[in-house]
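**Student:** Take a look at the following structure, please.
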Amino acid sequence: MGIFTRLFKISQAEAHSAIDQLEDPIKMTEQGLRDLRTDLDKSVQTLAELKAIEIRMRKTVENKRAEATDFERKAMLLLQKAQARQIAPEEADRLASAALEQKRAALEVAAVEVQNLHKLENQVALLDQSIKKLRNTIGKHESELKTLQARAKVVETTSNMNKQLAMVDSSSTIAMLERMRDKVENEEALAAAYGDIAEENKSLEEEIDSALESHSTSIEEALAAMKAKMALNAPPPSGH
């Protein structure tokens, strides 16, 4: 195979691997969950910002209503001073009218803020509901992902085992068993041969020992015979 052919095969394998990874449902699910978590984080941040605006708007309504009440109180005080002749009636009317105008302006601002507040509250409620649904969706997908990962691991393990079993060639296995049988039989025959040689050596030693024992017995008999002969041929003692 030429170098360019090998490079083409390698590139082709890497491309197939990349496609497999893109089509991997587990990786796709994990990426989808990451996207959902990103959306959830953004939604929670937006909800917090909207609630902060809601708090400020409520505070503005309270302040404007309190301001309107205060201007009304001041207008009444001005009229009371005019009745008590503490200030001129014309001056009291002018200042009281100005106070009532400030009261009206404050109440108008409060009314606008209340309308805006109601709209914002609806938006906050809808966003809060969407966040809850998104959390439930993420939790459901995470549970499904765990199940999918467990199933994929089982499938991968089973597939690898099946591949290994499929790669086993029955004929080659039988051939290996036959070679092993021949080797064992050869070793058994060799061991038996060494045993026979050991028995032969042992028999030869026994024959030598037997011959030695027989030879020793003949010498003893010859010695005894010689002593008997010497006794017969010996001269009689001289004192008799």
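Here, each number is a calculation from the coordinates, and none is a lab measurement. Values in this document were obtained by computation on a predicted structure and should not be read as measured data. Here Cβ is always computed from backbone atoms with ideal geometry, including for glycine, and neighbour counts include all displayed protein chains.
**Student:** Please specify each residue of segment 89-122 satisfying the condition of being exposed (fewer than 15 other Cβ atoms within 10 Å of the Cβ) and under 30 Å from residue 42 (Cα atoms).
**Tutor:** Matches in segment 89-122: 112, 115, 118, 119, 122.
**Student:** Does segment 40-55 contain any residue that is farther than 28 Å from residue 115 by Cα and surrounded by 15 or more Cβ atoms within 10 Å (Cβ to Cβ)? Even if it seems obvious, please write down each step before you answer.
**Tutor:** Going through segment 40-55, the residues farther than 28 Å from residue 115 by Cα turn out to be 40-41.
Now narrow it down to the ones that are surrounded by 15 or more Cβ atoms within 10 Å (Cβ to Cβ): 40.
Taking every residue of segment 40-55 in turn, at least one turns out to be farther than 28 Å from residue 115 by Cα and surrounded by 15 or more Cβ atoms within 10 Å (Cβ to Cβ).
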